[in-house]
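Q: Dumping the structure here so I can ask a few things about it.
The values are calculated or read from the model by the stated rules, or taken from the named source; none is laboratory data. Quick caveat: nothing in here was measured; it's all calculated off a predicted structure. All Cβ positions, glycine included, derive from the backbone under ideal geometry; neighbour counts span all protein chains shown.
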Amino acid sequence: MVGRLAIRTSFAFCFLLLFHISGVFAQTREDAEKWLKTAKDTLALVEKTAGELVQGGIENIAQKDPAVKGEWESAKGWLSLAKEELKKAEDLCAKGKWAECSHSANWAWQLLVKCATQAFNAGRAAGLK
Amino acid sequence: MVKIKKVSKVLGGIGLFIAGLFIGSLILGNITAQGPYDRALEIAKARQLNPDAVENALKTYHPTGVLDEYIMFSSGGHSGQVIVIGIPSMRILKYIAVFTPEPWQGYGFDAENKKVLQGTNCDPLRAKLTWADTHHPAISETNGDYDGQFLFIGDKANARIAVIDLRDFETKQIVCNPLGYSNHGAAFVTPNSEYIIEPSQYAVPQGGAYAPLSEYEKKYRGFITFWYFDRKAGRIIPEKSFAVEAPPYWQDLCDAGKLESYGFAFCNSFNSEMATGKPLGSPNPLFEVGASQNDMDYLHIVNWKKAEEIVAKGGAKEVVGIGGFKIKVIPLDVAAKERILVFTPEPKSPHGVDVSPDGKWIVVGGKLDTHATVYSIQKIKDAIEKGKFEGKDKFGVPIIAFKDSVEAQVPIGLGPLHTVFDNKGFAYTSVFIESVVAKWKVGEWKLYEKLPVHYNIGHIAAAEGDTVSPDGKWVVALNKWAIDRFSPVGPLHPQNFQLIDISGDKMKLVYDMPIPLGEPHYAQIIKADKLKPWTVYPEVGWDPIKQAKSPYATALGKERIERKGKTVYVYATAIRSHFTPEIIEVEEGDKVVMYITNVERARDATHGFALGGYNINLSIEPGEVGFVEFVADKPGVFPFYCSEFCSALHLEMAGYLIVKPKKK
């Protein structure tokens, strides 16, 4: 129960931090760096949450429950794609390609949102969330 | 003597023992005899149901003949239909055929309702459609309350709106929007159903014209249409309707203001970036990236009362749109100049917009945000009145600063979407990513509770929840994914409607209902006693499209066949258990026009009319006149029969259409 509350609270808190209201952005360096930070912070949060689900026993539950397995495997798949995209974004930013970096980091973040959605479902189906 | 005393003692002891046994058996017998609820408890125990589960079962179960307190009208998604569900039993009562032919109801097969399906003002492309993506039903309102007279619903895929008459739960009209091909926030109604609101979604060049994507900003436009509804006629009048031109920001959901916000409508948008997608090989970002770059999009605030006045004064231009059909449009520059259209920022690719029962607050769910953002109508009105804007967008639309319009942001979780209200000042917001319903207090702006749902809730419906006086009691979570809730039925899973009891301090999940008919989006829940549907048509010989006596009604004994040149008119009756006439003889190539009057007066005494080989099936309810016309272009003998089980001799309720070959 405390674990579930902690997972939800930490997720919500980090998402709150990530999205301050700041108006419309142009495709600038500032925009790109903001998106990169957003994606990296979200990755850290997602990995922490995934770790908590693993500690809660989700891998074992997934072996026995095909519904949990489907959601969990999907979450891991999205996470893998997100990490690849984030690496690509970092490379683009390093080269000063701000618009491409911004889009790539945004995409990495979108992949993490999909990961989070599946992870929540996996945890819920496993009785952990 | 001593021996006798001993024997007496023993006998006495035995007697006492036997008496004790007897009394004991009486007492024990009463304890172990089955009480009225013992059997129920045994069943609960055998099924391993805990007390909560038993309580939930008791809340939804309805004994035979007991009716539901509420009726829910849900979109039927891709089925193109509307689903009618009793609350709290969650029993499906009807599928109303709207945009899709439905053979059991004879919808799309009767000559009159075929015309309904083709639309009032639909271009040839849309007149032939046989599916729809129905989204948001709206019950007609009077003074901001559901009045139970009509239901409206939109087709997102093809920008159409349907009108359903709730006297007989049948579709009477479909209109096509001449300005574009997609809508989303449709339908929503103004508080007296003066207008049915339909915003576009995916911007296109206005009126169905062509323009390349490179001209997106210059030529592509959205629209927010206000369809005028004539309640007496029960029809939308396109000639009295108008649209407000909008930037190509992909408008989304809408809600009409009420009470304090009466006269305004509010619509989300989520592509203020004006992203145009990623052609193959292009460096452009995908839509889901390009359309979510900005932290804020624009809440569209439309003063429809003022728009109405501008139209009346000739301030709108007449646009000839798709199929050559016309509609009055207030151009974007006029809308901006007259402050008919004003923006305020809304967070992060928002999705839902919902006005509180008192009309004071407008709640927006930013689907990639974590808040329910609450705007104040008073602040918005003040800003417009004083001309207090922080600037204009590219199209000249004034923008009220976020700080000047927002009242509060309630942190509620990941992926908030839609909000409904109860009668105790609480709001209930669906939270998609986290799969919860979040309950928070209006005015306090404080989160009270989150209830997990299964899974990925989209819309949420509450009893009388969109009105000025919600009832509380029930909320239904319209979940997108069912995953593991039901027996597997292949890769395509049903949706999951979950009934939630909100009558107590804590929300309680009561029931799961699979919906295996398209993806419903929204639903509205009305008190059942507000609906006054007919159980038979008011008179024998009724035309359900005109809702009046049909000139082609046929009384018993007045049946006839009349030939006028190459057209044969059949005036028939249907009654248990025969059609009159039973034998119809025509010549190959004749046009056959049949009017079949169901002369029954008993409830449920519906007759079907199925004609083999001609793709015809009618459903003729008691009192109704069914109307079918076709060309008998195939010689032969074609049986027809009653296709709705009606009586003991239902099988004998049949006849023959005899088509004599042409003389060579």
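Q: Would you check which residues across the stretch A:64-91 are more than 18 Å from residue A:43 (Cα to Cα) and of a type outside the set (Asp, Glu) and list them? Full working, then the answer.
A: Going through the stretch A:64-91, the residues more than 18 Å from residue A:43 (Cα to Cα) turn out to be A:64-71.
Those that are more than 18 Å from residue A:43 (Cα to Cα) and of a type outside the set (Asp, Glu): A:64, A:66, A:67, A:68, A:69, A:70.
Q: Testing residue B:508 on (1) outside the structural domain of residue B:578 (by TED's automatic domain parsing); (2) under 24 Å from residue B:111 (Cα atoms), one condition comes back false. Which one is that?
A: Residue B:508 satisfies every listed condition except (2).
Q: Right, something else. Give the stretch B:407-440 a look and list any residue that's within 11 Å of chain A (Cβ to nearest Cβ), among the hydrophobic types (A, V, I, L, M, F, W, C) and assigned to a strand (DSSP E or B), or say none.
A: Across the stretch B:407-440, the qualifying residues are B:431, B:436, B:438.
Q: Exactly one condition in (1) farther than 16 Å from residue B:383 by Cβ; (2) in a strand (DSSP E or B) is false for residue B:334; which is it?
A: (2)
Q: So residue B:491 clears everything in (1) over 24 Å from the mean Cα position of the chain (by Cα); (2) more than 24 Å from residue A:126 (Cβ to Cβ) except one condition, right? Which one?
A: Looking at each condition in turn, residue B:491 falls short on (2).
Q: Identify the single condition in (1) away from chain B (no Cβ under 11 Å); (2) in a loop (DSSP other than H, G, I, E, B) that residue A:129 does not satisfy, given that it satisfies every other one.
A: It is condition (1) that residue A:129 fails.
Q: In the stretch B:240-286, which residues are of a type in the set (Gly, Ala, Ser), away from chain A (no Cβ under 14 Å) and surrounded by fewer than 24 Cβ atoms within 10 Å (Cβ to Cβ)?
A: Going residue by residue through the stretch B:240-286, those that are of a type in the set (Gly, Ala, Ser) are B:241, B:243, B:246, B:256-257, B:261, B:263, B:265, B:269, B:272, B:275, B:277, B:281-282.
Imposing the further condition that a residue be away from chain A (no Cβ under 14 Å) reduces the set to B:241, B:243, B:246, B:256-257, B:261, B:263, B:265, B:281.
Those that are of a type in the set (Gly, Ala, Ser), away from chain A (no Cβ under 14 Å) and surrounded by fewer than 24 Cβ atoms within 10 Å (Cβ to Cβ): B:241, B:263, B:281.
Q: Report yes if residue B:181 is over 17 Å from residue B:305 (Cα atoms) and modelled with pLDDT of 95 or more, otherwise no. Even if it seems obvious, please write down each step before you answer.
A: Values: over 17 Å from residue B:305 (Cα atoms): yes; modelled with pLDDT of 95 or more: no.
Judged against the criteria, residue B:181 is not a match.
Q: Scan the stretch B:507-526 and give yes if some residue there is modelled with pLDDT of 95 or more, more than 21 Å from the chain's Cα centre (by Cα) and buried (at least 19 other Cβ atoms within 10 Å of the Cβ), otherwise no.
A: Within the stretch B:507-526, one or more residues are modelled with pLDDT of 95 or more, more than 21 Å from the chain's Cα centre (by Cα) and buried (at least 19 other Cβ atoms within 10 Å of the Cβ).
Q: Something else: Can you tell me which residue in the stretch A:40-67 is surrounded by the most Cβ atoms within 10 Å (Cβ to Cβ), limited to those that are touching a Ser or Thr at 6+ places or on another chain (Cβ under 9 Å) and either within 13 Å of another protein chain (Cβ to nearest Cβ) or touching a residue at least 60 places away in the same chain (Cβ under 8 Å) (or both)? Before the answer, list the steps.
A: Initially, the stretch A:40-67 is screened for residues touching a Ser or Thr at 6+ places or on another chain (Cβ under 9 Å), giving A:45, A:48-49, A:52.
Still in the list and also either within 13 Å of another protein chain (Cβ to nearest Cβ) or touching a residue at least 60 places away in the same chain (Cβ under 8 Å) (or both): A:45, A:49.
Details: A:45: 19, A:49: 23.
Restricting to residues being touching a Ser or Thr at 6+ places or on another chain (Cβ under 9 Å) and either within 13 Å of another protein chain (Cβ to nearest Cβ) or touching a residue at least 60 places away in the same chain (Cβ under 8 Å) (or both), the top hit is A:49.
Q: Looking at (1) over 24 Å from residue B:185 (Cβ atoms); (2) at the interface with chain A (Cβ under 10 Å from one of its Cβ atoms); (3) in contact (Cβ under 8 Å) with a residue 40 or more places away in the chain, which is the only condition residue B:450 fails?
A: Failed condition: (3).
Q: In the stretch B:148-164, how many residues are of a type in the set (D, E, K, R) and assigned to a strand (DSSP E or B)?
A: From the stretch B:148-164, those of a type in the set (D, E, K, R) are B:155-156, B:160; that's our starting set.
Right, trim to assigned to a strand (DSSP E or B) and you get B:155, B:160.
So the answer is 2.
Q: Right, another one. Scanning the stretch B:441-493 for residues that are of a type in the set (Val, Ile, Thr) and assigned to a loop (DSSP other than H, G, I, E, B), which turns out surrounded by the most Cβ atoms within 10 Å (Cβ to Cβ)? Reasoning before the result, please.
A: Taking the stretch B:441-493 as the starting set, the residues that turn out to be of a type in the set (Val, Ile, Thr) are B:442, B:453, B:457, B:460, B:467-468, B:475-476, B:483, B:489.
Among the residues that remain, those that are also assigned to a loop (DSSP other than H, G, I, E, B) are: B:442, B:453, B:467-468, B:483, B:489.
Working: B:442: 22, B:453: 24, B:467: 22, B:468: 17, B:483: 19, B:489: 11.
Among residues in the stretch B:441-493 that are of a type in the set (Val, Ile, Thr) and assigned to a loop (DSSP other than H, G, I, E, B), the one surrounded by the most Cβ atoms within 10 Å (Cβ to Cβ) is B:453.
Here's the yes/no breakdown for (1) assigned by TED's automatic domain parsing to the domain that holds residue B:323; (2) in a strand (DSSP E or B); (3) within 23 Å of residue B:327 (Cα to Cα):
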residue	(1), (2), (3)
B:56	no, no, no
B:65	no, no, no
B:90	yes, no, no
B:132	yes, no, yes
B:146	yes, yes, no
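Q: Also: Got a sec? Which of B:581, B:622 is modelled with pLDDT of 95 or more, over 32 Å from the mean Cα position of the chain (by Cα) and of a type outside the set (S, T, N, Q)?
A: Numbers: B:622 fails: over 32 Å from the mean Cα position of the chain (by Cα).
Within the list B:581, B:622, the selection yields B:581.
Q: A further question on this structure: Do you know which of the residues in the stretch B:287-313 that are of a type in the set (D, E, K, R) and part of a loop (DSSP other than H, G, I, E, B) is nearest to the other protein chains (Cβ to nearest Cβ)?
A: If we filter the stretch B:287-313 for residues that are of a type in the set (D, E, K, R), which is where we start, we get B:288, B:295, B:297, B:305-306, B:308-309, B:313.
Now restrict to residues that are part of a loop (DSSP other than H, G, I, E, B): B:295, B:313.
Numbers: B:295: 5, B:313: 35 Å.
Filtering the stretch B:287-313 for residues that are of a type in the set (D, E, K, R) and part of a loop (DSSP other than H, G, I, E, B), the one nearest to the other protein chains (Cβ to nearest Cβ) comes out as B:295.
Q: If you go through the stretch B:453-468 one residue at a time, how many are within 14 Å of another protein chain (Cβ to nearest Cβ) and in contact (Cβ under 8 Å) with a residue 60 or more places away in the chain? First the steps, then the outcome.
A: Just the residues of the stretch B:453-468 that are within 14 Å of another protein chain (Cβ to nearest Cβ), to begin with: B:453-458.
Of the ones still in play, those that are also in contact (Cβ under 8 Å) with a residue 60 or more places away in the chain are B:458.
Adding up the residues that qualify gives 1.
Q: Quick check on my filter: what residues within the stretch A:68-97 are crowded, with 18+ Cβ neighbours inside 10 Å and either within 16 Å of residue A:117 (Cβ to Cβ) or at pLDDT below 95 (or both)?
A: A:68, A:71, A:72, A:75, A:78, A:79, A:82
Q: Something else now. Kindly indicate whether residue B:193 is among the polar types (S, T, N, Q), surrounded by fewer than 24 Cβ atoms within 10 Å (Cβ to Cβ), within 30 Å of residue B:144 (Cα to Cα) and touching an Asp or Glu at 6+ places or on another chain (Cβ under 6 Å).
A: Values: among the polar types (S, T, N, Q): yes; surrounded by fewer than 24 Cβ atoms within 10 Å (Cβ to Cβ): yes; within 30 Å of residue B:144 (Cα to Cα): yes; touching an Asp or Glu at 6+ places or on another chain (Cβ under 6 Å): yes.
In short, yes.
Q: Do you know which of the residues in the stretch B:346-360 that are part of a strand (DSSP E or B) and more than 17 Å from residue B:460 (Cβ to Cβ) is nearest to the other protein chains (Cβ to nearest Cβ)? Don't jump to the end; show me each part of the working.
A: Narrowing the stretch B:346-360 to residues part of a strand (DSSP E or B): B:346-347, B:350-355.
Applying the additional criterion that residues be more than 17 Å from residue B:460 (Cβ to Cβ) yields B:346-347.
Details: B:346: 10, B:347: 6 Å.
Here the answer is B:347.
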